1. Determine which single condition residue A:70 fails, assuming it passes every other condition in (1) closer than 23 Å to residue B:114 by Cβ; (2) in contact with a Lys or Arg (Cβ under 6 Å, 6 or more places away or on another chain); (3) not assigned by TED's automatic domain parsing to the domain that holds residue A:256; (4) not hydroxyl-bearing (Ser, Thr, Tyr).
2. Would you be able to tell me the number of residues in segment A:60-84 that are in contact with an Asp or Glu (Cβ under 8 Å, 6 or more places away or on another chain), in contact (Cβ under 8 Å) with a residue 40 or more places away in the chain and within 24 Å of residue B:231 (Cα to Cα)?
3. How about segment B:18-59: which of its residues are of a type in the set (D, E, K, R) and in a loop (DSSP other than H, G, I, E, B)?
4. Looking at segment A:53-87, which of its residues are under 39 Å from the mean Cα position of the chain (by Cα) and more than 7 Å from every other protein chain (Cβ to nearest Cβ)?
5. Regarding residue A:95, is this residue over 21 Å from residue B:195 (Cβ atoms), in contact with an Asp or Glu (Cβ under 6 Å, 6 or more places away or on another chain) and assigned to a helix (DSSP H, G or I)?
6. How about segment B:228-336: which helices (runs of 4 or more DSSP H) wholly inside it have at least 2 residues that are aliphatic (A, V, I, L, M) and modelled with pLDDT of 80 or more?
7. What pairs can you find where one residue is in segment B:45-62 and assigned by TED's automatic domain parsing to the domain that holds residue B:104, the other is surrounded by 11 or more Cβ atoms within 10 Å (Cβ to Cβ) and not in a helix (DSSP H, G or I), and their Cβ atoms are less than 6 Å apart, with a gap of 6+ or different chains?
8. If you take the residues in segment B:179-195 that are of a type outside the set (S, T, N, Q) and at pLDDT below 85, which one is farthest from residue B:111 (Cα to Cα)?
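The values are calculated or read from the model by the stated rules, or taken from the named source; none is laboratory data. Please read all numbers here as calculations on a predicted model, not as lab measurements. When we count neighbours, we look across all protein chains shown, and the Cβ atoms used for this are built from the backbone with ideal geometry, even at glycine.
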Amino acid sequence: MSEIALKSTQFRQEREKRWRELERLVTQVEKRGIRSLTADELHDLPVLYRGVISSLSVARSISLDRNVLEYLEGLAVRSYFVVYSPRRRPGEVVIEYLTHSFPQAVRDLKVWVALSMAVTVVGFLAAYGMTLSNLDNYDLFVSPDYSAGRNPSSTREELRAVLMNEGEKVESQSLGVFATFLFTHNAQIGLLCYALGAVPLLLVGLLLIQNGLILGAFAALHEQKGLSVELWSWLLPHGVTELLAVMLCGGAGFAVGMAAIFPGRRTRLESMVVAGRRAGVIAIGCVGMFFIAALIEGFFRQLVNDLTIRYSVALITGLFWIYYFGWVGRKARPA
Amino acid sequence: MSDSTKVRYLEGHKGPTVEIPTPEGVPLRFTVASGGDRAGAFLLDAFLIIMAVIVCGIVITALMVIDSATASSLAFVLIFGFRNFYFSGLEILWRGRTVGKRMIGLQVIDRSGKPLRVEAIFARNLTREIEVFLPLTILLAGDELIPNLPPWGRLISLLWVMGFIFFPLFNKQRLRVGDLVAGTMVVQAPRRTLLPDLVEEPAEEVASGEMARFAFTREQLDSYGIYELQVLEKILREPKTPAETLLAVSERIAKKIGYTGEMYPSLEFLSEFYRAQRAYLEGRMLMGDKRADKSVAPQAGKPRALQTKLSGKERSRAKPSASAEPLQWRTPEDPPQAASQAGDPAGPRVPPVPVVPPAPPTPPADEV
């Protein structure tokens, strides 16, 4: 063996220092963020990164040292993500999300949101009509443990007591528990609607229509007893937000399912990815909406019995969401 | 030599790879995480969630005595939080990794190589709701959820879970339904350390004028390909390889290549053989002859097109068992050219040409 050193060894000896320097910087960024680098280090980072990318390319064609190859592949990947992944402050992300991404995503999927609204309304009308014509049908739509004793045999006074909180006086503290329960429970249903859409459309439809059916039967029961005004004052203050969120989740689910069935000009996979991400944006926003709804439902509704205030809250939330999803974030995204 | 020794040093699972182009023009290669690794990472995370819930449960039960209302609100929020935000939260925080993925060495990446966006992370993790949590709830607590749940209800949810769990096994990139929808994939991302080069030391010996103790001819070096070279590298890098194994390996090599000279001590023999073999194969590689493993016939002046029909990966996956296979020698139409090659293992001195164009002067500082 007269060879002094292999080409791959020479190659490595000449560049190893810079590899290790980049590795140190990348490790530091991964641990403590890009702000922990000094100005000089920040300046070096992209240069070193290009050096390693170049080394990787050469090493692939001249070196058979598996350890060097794997090291360079790994280092290139890590530094690629550091160099090309813009890291924004969490505050900026949240603000951009609220003022732009979320309402825009909803507008993008408005057809599907409308569809999920339509499905709910169809369910509502069907159950409303059937229950109104024959109160016995009520049991078809509302399961006993959901109605909590409110069924056709209840008297007007009993129903009214529930709506206007005239039963046993509730403590304000247990309302907190009630609110958190409502929030987690409802949000879970909404997220389920989104997740279901990813697979069978039919199930989203079923879930939405069932929601409508229960509502319709409920409305019919109270109409029969002459309690419509009180019922809606009981439902709407939080219902505007909550039902809207359920419909948005349902719409998001529909969109993903439809994207899979009718991909249009994209490939099926691409089309699902586009719809899936937009739907993800909506699902997260809906968690926030459920949270607001639960606060209204858990505290406000239990404490305030004045019809005018109840209806004005419903109106205000309704107008707010119309404004929010109609107009907020329509301008170009800030650079 | 027993087969168990051989298996121990073979490479770990190497799944299909995907290439993601970089703006620099050099594609990055990712190895798709195997189903087993994914399951392992998930089980670790699931275990962690369960432990966390148990700990929280104990704390909350303790709180219950003091303030039952706050305690139960806390319980609702915590369960909701773990169920929906454990995976998403950690993947946002740690660039596509959770505790389980970190321990196994996996990472979530965007399939197109763009930065992993928050909505993609949420989209891929929220589908766990139907993949795991909902059917599991029906399976375990179906009676409370749906009164009079018939046995086939459980069967359906069992099949449902199975369908989703095994979904990744039916596509090449091992995509979960959530990955499919979010445009993400999970790849191997182990931390590699740069170890010392195995061929640096002999340079001193040469400098002091000492002749190498072990010499190999070109025919002998033609016995193996890149795969075998890298298996040998792995053996040599293993810090505590027992002496018997080294001896067995060197005897095996000597038998295969027809080497009759000095071969003790085994470690030195193997190191020297590694050096010679690597020098030879790297030299051939510069000439455009990248020989994946010993089952590919060695090339000598043949047109390149003939030997690149099979990619290296495909070749190395189909490992023939060495004991059953006869020694492979060059076919008659490949006359040996040992005399001209043995002394010049690195091949002609062509400097490697970097593929990458020189970097533009201004770094993309705004992107950092």
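1. (1)
2. Just the residues of segment A:60-84 that are in contact with an Asp or Glu (Cβ under 8 Å, 6 or more places away or on another chain), to begin with: A:62-68, A:75, A:78, A:82-84.
Restricting the remaining residues to those that are in contact (Cβ under 8 Å) with a residue 40 or more places away in the chain gives A:62-65, A:68, A:75, A:78, A:82.
If we keep only those that are within 24 Å of residue B:231 (Cα to Cα) too, we end up with A:62-65, A:68, A:75.
The qualifying residues number 6.
3. To start, the set of residues in segment B:18-59 that are of a type in the set (D, E, K, R) comprises B:19, B:24, B:29, B:37-38, B:45.
B:24 - this is the single residue of segment B:18-59 that is of a type in the set (D, E, K, R) and in a loop (DSSP other than H, G, I, E, B).
4. Let us first name the residues in segment A:53-87 that are under 39 Å from the mean Cα position of the chain (by Cα), namely A:53, A:70-87.
A:72, A:75, A:78, A:79, A:82, A:87, listed by residue number.
5. Working: over 21 Å from residue B:195 (Cβ atoms): yes; in contact with an Asp or Glu (Cβ under 6 Å, 6 or more places away or on another chain): no; assigned to a helix (DSSP H, G or I): yes.
Against the criterion (over 21 Å from residue B:195 (Cβ atoms), in contact with an Asp or Glu (Cβ under 6 Å, 6 or more places away or on another chain) and assigned to a helix (DSSP H, G or I)), residue A:95 does not qualify.
6. Numbers: elements: B:243-257, B:266-286, B:312-317.
In segment B:228-336, B:243-257, B:266-286 are the helices (runs of 4 or more DSSP H) which contain 2 or more residues that are aliphatic (A, V, I, L, M) and modelled with pLDDT of 80 or more.
7. So the pair list comes out as B:45/B:98.
8. Only one residue tops the list, namely B:195.
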